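The values are calculated or read from the model by the stated rules, or taken from the named source; none is laboratory data. This is a predicted model, so every value here is computed, not measured. Every residue, glycine among them, receives a Cβ derived from its backbone with ideal geometry; neighbour counts consider all protein chains shown.
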């Protein structure tokens with residue numbers, strides 16, 4: 001076990017210090033909450049899952065061995081709770097994106113697109129519209145930094161399926177964001193804009 005600030009707080013929490021657990025959860029709440037928000041697209045579900053994650057983390061604190069980041073361990077708990085919720089829901093929302101789109105441009109990284117158009121809201125909206133099985137893989141790997149093997153274990157799917165879903169998710173996001181790049185390029189010479197109004201998707 002590598003000793004750092006998180007490890008020390010976990011050690012104190014295991015010894016019965018309630019303040020230590022509060023510090024840990026406050027420190028890592030933004031990452032866990034952000035992941036759940038992107039996965040669910042629903043504030044109420046996000047908050048409910050966040051509370052469930054806190055309870056389970058408290059109950060299973062002894063299971064964290066310190067071999068990975070504490071925030072990653074928390075995200076794993078949160079994602080499993082999210083998976084349980086989704087299995088209980090019979091009708092998932094349909095996607096607004098076309099899965100058959102193949103980008104012609106050489107740039108296929110949605111985050112690179114984001115840096116060009118500076119449209120965080122556009123990327124968040126596009127992620128929310130991905131089918132759940134693509135969105136989960138994309139959020140876990142590209143946003144939260146999970147390794148492919150970790151995602152395969154979390155989702156209980158082959159490694160090749162993880163890679164395939166990530167590739168499809170990237171293409172779908174490119175399909176949604178590429179028009180913004182086209183608009184920005186066309187307007188480099190100066191296009192009329194309405195201040196405060198985002199580009200239409």
Inset, instruction - State whether the residues of segment 68-88 include one that is farther than 25 Å from residue 169 by Cβ and either crowded, with 16+ Cβ neighbours inside 10 Å or modelled with pLDDT of 90 or more (or both). - result: yes
Inset, instruction - Tell me which residues, restricted to segment 153-167, are at pLDDT 90 or above and part of a helix (DSSP H, G or I). - result: 159, 160, 161, 162, 163, 164, 165, 166, 167
Inset, instruction - Considering only segment 145-174, state which residues are buried (at least 22 other Cβ atoms within 10 Å of the Cβ) and either assigned by TED's automatic domain parsing to the domain that holds residue 31 or closer than 28 Å to residue 70 by Cβ (or both). - result: 146, 151, 162, 165, 169
Inset, instruction - Return yes or no: is residue 11 assigned to a helix (DSSP H, G or I) and modelled with pLDDT of 90 or more? - result: no
Inset, instruction - Those residues that are surrounded by fewer than 19 Cβ atoms within 10 Å (Cβ to Cβ) and not in a loop (DSSP other than H, G, I, E, B), I need them from segment 120-142; list them, please. - result: 120, 121, 124, 125, 128, 132, 133, 142
